[in-house]
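The values are calculated or read from the model by the stated rules, or taken from the named source; none is laboratory data. Since the structure is predicted, the reported quantities are computational estimates derived from the model, not experimental observations. Cβ placement follows ideal geometry from the backbone for every residue including glycine, while neighbour counts extend to all protein chains displayed.
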Amino acid sequence: MTSAPASVPSVFSLPNELLIAIAAAGQEGRVPNFQAAFKSERTLSQVSQHFRNVIVGAPALWSLVEADLDVEGSMEIANIYLERSRKCCIWVSLKHFFADVDLNLIAVRLGQITVHIHRIWRLKIVLGSHSWNLVTPAFLGFSPRSPPPHWSTPLTHLEFRRSSYSDDLDVDDLFVALTVQCTSLVYLYLDLAHMPLHQHRLRIPSLKSLHLSVSKDEDTRHLLDVMDLFDTPAVTNLTLSDTHGDQIFELFNATSLPHASFLAVTTLTFVTNSCTCEKGTLDPFTQTIPSLPLRLFPALSSLSLINQCFTSLLVDAISGATSQPSRLLRTVTLCPDRDLEDVHLALRHAKQRGQIFPRLRLSSKLASRVQDWEATDATVEMFDPTELLDFLK
Ligand SMILES: [Zn+2]
């Protein structure tokens, strides 16, 4: 092996600060994926003893902690990150899917993570429905029947998800009971397939972005009932997933909620993987759109319907087919996974009525059908919903 000429700096002579910066650059945009993919801090720390000393000596590089609780090796790696991150604030992602793993073991592993709760700024937990009830009391040391301890934590981003649908009602109660304690959140993803039995009101004045996953199998009021749990006046970005068309119509029709208000929402997104419901079941609702739809959101400027059933009827509703058109909407994003021709027709009819949304973002399949819109004042852009849909997985 030949050594590098003296005039050429060797990678091994890089200043420590530059080495740390390279590792940090490798972390940019990283999304937890629970896979043993390339991770800059781990790879660089294995190059040489000097690299190891520098990278291990930079606690911030070890602040992205992820653990598959079903896998012993994954927990061992997570514990290394917890140790090396020292007192740094950490972003923690946890998952547990398999019902046949000993839940006591899962609870012990969760406990190893949650002793660090005081320095977790971002937390995502995905658990199978079967395990939330058994694991969560051990996780946080409380049950729904006893008062929860306050989390003394810098937590600003929280995601509670279940990995599968279940009829287990208590899970929704646990999600809400845990979230109630997190009063400094700016981002919240909550999976509420059922209406919680104990209806705590979620007062989070700091919350800016709220993503609620509901259930399209529940009745038409379900979406509104879930939204009414929230006292979150600063939310500007509201995303609702796993919704069905009749629930959206109920939302478009609503003029107020008993407790909640969403006066600051500017961006409203409906995104669902798909819906196999029968066309026609919504017909009664199309007769009942009020003269001013979307009254709940007086500041709304952007509406997105991604893979949403009855997109064409919803376009009718906001474009004045049965009511006054919404004049506030500046951007409308439509990515229907079916009934493309119906949506195309709804847009054409809206245009004929003189209702033109200043900016239309359309899926490529839909955009190819409305090329004649290019000649109007509307800006038509292509929109790829892949990233939004991946987020639901
Ligand atoms: Zn549907």
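Side notes on the structure shown:
- Residue match in the stretch 165-182 (condition: surrounded by fewer than 21 Cβ atoms within 10 Å (Cβ to Cβ) and within 16 Å of the ligand (Cβ to nearest atom)): yes
- Near pairs, Cβ below 9 angstrom, 6+ apart or cross-chain, from the stretch 219-247 (closer than 21 Å to GLN308 by Cβ) to any residue that is assigned to a strand (DSSP E or B) and of a type in the set (Phe, Trp, Tyr): ASN237/TYR187; THR239/TYR189; THR239/PHE270; LEU240/PHE270; SER241/PHE270; THR243/PHE270
- Subset tally (residues that are in a helix (DSSP H, G or I), modelled with pLDDT of 80 or more and within 14 Å of the ligand (Cβ to nearest atom)) for the stretch 270-325: 4
- Of the set (1) within 23 Å of the chain's Cα centre (by Cα); (2) surrounded by fewer than 18 Cβ atoms within 10 Å (Cβ to Cβ), all apply to THR243 but (2).
- Applying the criterion of being surrounded by fewer than 18 Cβ atoms within 10 Å (Cβ to Cβ) and more than 12 Å from the ligand (Cβ to nearest atom) to the residues of the stretch 212-223, the residue that is nearest to TYR187 (Cα to Cα) is ARG221.
- Elements of type helices (runs of 4 or more DSSP H) contained in the stretch 1-105, each with 3 or more residues being outside the structural domain of SER163 (by TED's automatic domain parsing) and more than 19 Å from GLU159 (Cβ to Cβ): 16-25, 40-45, 49-56
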